[in-house]
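Heads up, the thing below is written out as C-alpha cells.
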Amino acid sequence: MQALELTIGLRERGHHVTFAVPPGSRLATEATHHELTLLPLDVTGYVHPLILWRLSKTLRTGATDIIHCQHSRDLATVVPAMQLCGRAIPIVMSKRVGSYITKRDLFHRYTHRHIGRVLAISDVIHRNVLATTPVPPERVLTVHDAVDTSLFAPDTVDRFSVRREAGIPDDALVVGFVGRFSPGKGLEDLLHAAHLLHRDHPAVQYLIAGEASHGEETYAASVFDLARRLGIQDFVRFMGFRSDIPAVMASFDILAFPSHAESFGVVLIEAMAMGKPVVSTNCDGVLDIVVNGTTGLMVQPKDPEALARGLEQVITDADLRQRMGTAGRARVLEHFDRTGQLRTLEEIYFSLL
C-alpha cells in the first residue's frame, strides 16, 4: 500500500511513474482503479529469465531514469535486466523488513553494489541493513513511511458512521485495532486484555478491523475461537477488511497496537494523525513513532495484563486522551506527512541522476 500511495503521489507531483506489479493481484486491481501505468511482472522468486528479458526491453527504451525496488529479492531480476539493456540506471531500494541472514556472499555483493540508496523505514531496519548487507553506510538512509494528513484528519470524517454500522452507541468509549490477522500482531493479547478490563469497565467497546492474508486463515480462526472461549463477543466486534480506514480510525477513542515485533507501524501514524492516543508495545520501529507519555503509552509485548493496565490508564482519563491525541497529530504533521516524504524521495532521486 505504501508503494501504491507513493506512486500516486509522485504522479500527482508531475513525474511519470510505471508501476511494476504481479498481474491479477489486489495491488494490480487497486493500481488499475487509480489509472496508473502498469508493467505486469510476476517477480515472486529469484530466477525469471523471461521477466528479466521483458524488463530489459522496457528499460532499453530510455524512458526510465530511476528504478525503485520495494523488495530486496527484486534486485536479482532488476540488476541483470539493467545490465542487459546496456544502461546504467540508478537503483533505490526500500527496506521494510529486517533480515536474520548476512548477505555478503558473491551474489549479494554483485546485486547490492548497484544500489544507489537503501531507504530503511525505521532506525532498527537501518541498523539491520548495515549489519547484514555489503551496502556502504553512506548509501543507507532512514526514510519513514508516511500518511496523507489531509485524508487522515479529525475534522474531515464522520466520527459516528462506523459506530452506528457496528451498533455502538455514540457516547460509548471505543478501543480499536486495525491490522492483518497474523501471528505476531498480538491480537490474542488484546482479547485477553479486553476480557480483563470488562469487569471494571463494562461499557467499553472494542472494534477490530482486518483480515487474514493468504496462508494465515488458520491463525484467524484461532482468534475467533479465543473470543468465543473468553465470552467477549458482546463487546468485541470483528469488522473484517475495511477500505475506509480514516472513518474506522475516527470511530475509535483509543488505538491498541499489541504487536510483538514491528519494523515500523503505519497504523500508529494513521491513528495519531486522526488525533487518537495510542497504547502500544515498545517494540522495534514503534520507538521511532510513539513518544511514551506524550502521544501514547508503551507497554511490554506479549503481556495482556500490562496492555490492560495501559489501556485502563487512558480509558479513565479523558484529559489525557485529549492531550495525547493533540500531541500525536502534531508529531505526524512534523515527521510523518506524505508531502514531506515525497519531497525527500525527489531529493534522493535527483541526487542520483
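Where a number appears in this text, it was derived from the coordinates with a stated rule and is not lab data. Worth saying up front: this structure is predicted, and the values here are computed from it rather than measured. Virtual Cβ from ideal backbone geometry, glycine too; neighbours counted across all protein chains shown.
Each residue, Arg60 and Thr44, gets one label point 7 Å from its Cα in the Cβ direction; the gap between the two is 2.8 nm. Summary value for segment 154-335: 24 percent relative contact order, contacts being C-alpha pairs under 8 angstrom separated by 6+ residues. Tell me whether segment 154-335 comes out rounded, prolate or oblate; compute the Cα gyration tensor, take square roots of the eigenvalues as a ≥ b ≥ c, and use a/c under 1.5 as the rounded threshold. Rounded, since a/c falls under 1.5.
For the chain, the mean residue ellipticity at 222 nm estimated from helices alone is -13000 deg cm²/dmol, where every DSSP H run of n ≥ 4 contributes -39500 (n - 2.57) and the total is divided by all residues, rounded to the nearest 500. The calculated FRET efficiency for the pair Arg104 and Ala203, based on their C-beta separation and a Förster distance of 56 Å, comes to about 0.50. Distant-in-sequence amide contacts of Leu41, defined by a placed amide H-H separation under 5 Å and a gap of 5 or more residues or a different chain, comprise Val21.
Counting pairwise Cα distances across segment 110-259, what percent come out greater than 21 angstrom? Every Cα pair in segment 110-259 considered, those over 21 Å come to 56 percent. Between 0 and 90 degrees, the angle of helix 217-230 with respect to the longest Cα principal axis of the chain falls at about 10 degrees. Report the FRET efficiency, 1/(1 + (r/R0)^6), for Phe224 and Leu320, where r is their Cβ-Cβ distance and R0 is 41 Å, rounded to 0.05. The computed FRET efficiency comes out at 0.80.
Backbone phi angles across segment 282-298, fed through the Karplus curve with coefficients 6.51, -1.76 and 1.60 (θ = phi - 60°), yield HN-Hα couplings of 9, 9, 6, x, 4, 5, 6, 10, 7, 9, 4, x, 10, 9, x, 10, 10 Hz in residue order; Gly and Pro are listed as x.
Taken as Cα centroids, segment 282-327 and segment 41-83 sit 43 Å apart, rounded to the nearest whole angstrom. Extents of segment 160-207, taken as max minus min of Cα coordinates on every principal axis and listed largest first, are 32, 26, 11 Å.
Normalising the average separation of contacting C-alpha pairs (under 8 angstrom, six or more residues apart) by the number of residues puts the relative contact order of the chain at 14 percent. For segment 113-175, the list of trypsin sites (Lys or Arg not before Pro) that fall in a loop by DSSP and count at most 14 other C-beta atoms within 10 angstrom reads Arg113. Across segment 56-113, C-alpha contacts under 8 Å between residues 6 or more apart give a mean separation that, scaled by the residue count, equals a relative contact order of 41 percent. Taking one quarter of the surface of the C-alpha convex hull of segment 65-180 gives a mean projected area of 10.9 nm². Each Lys and Arg adds +1 at its Cβ and each Asp and Glu adds -1 at its Cβ; summed about the Cα centre, segment 154-335 shows a dipole of about 100 debye. Geometric descriptor of segment 265-338, per residue, is 72 Å³ (volume of the convex hull of the Cα atoms). Panel order for Tyr206, Tyr100, by other beta carbons found within 10 Å of each beta carbon, from fewest to most: Tyr100, Tyr206. For the chain, set up a Gaussian network in which alpha carbons nearer than 10 Å are linked by springs, and say which option among Ala327, Ala63, Ala172 fluctuates the most. Checking each option, the largest mean-square fluctuation is seen for Ala63.
Spin-label model, Asp234/Leu130: points 7 Å from Cα along the beta carbon direction are separated by 5.4 nm. With N the number of residues in segment 1-64, Rg(Cα) / (2.2 N^0.38 Å) evaluates to 1.16.
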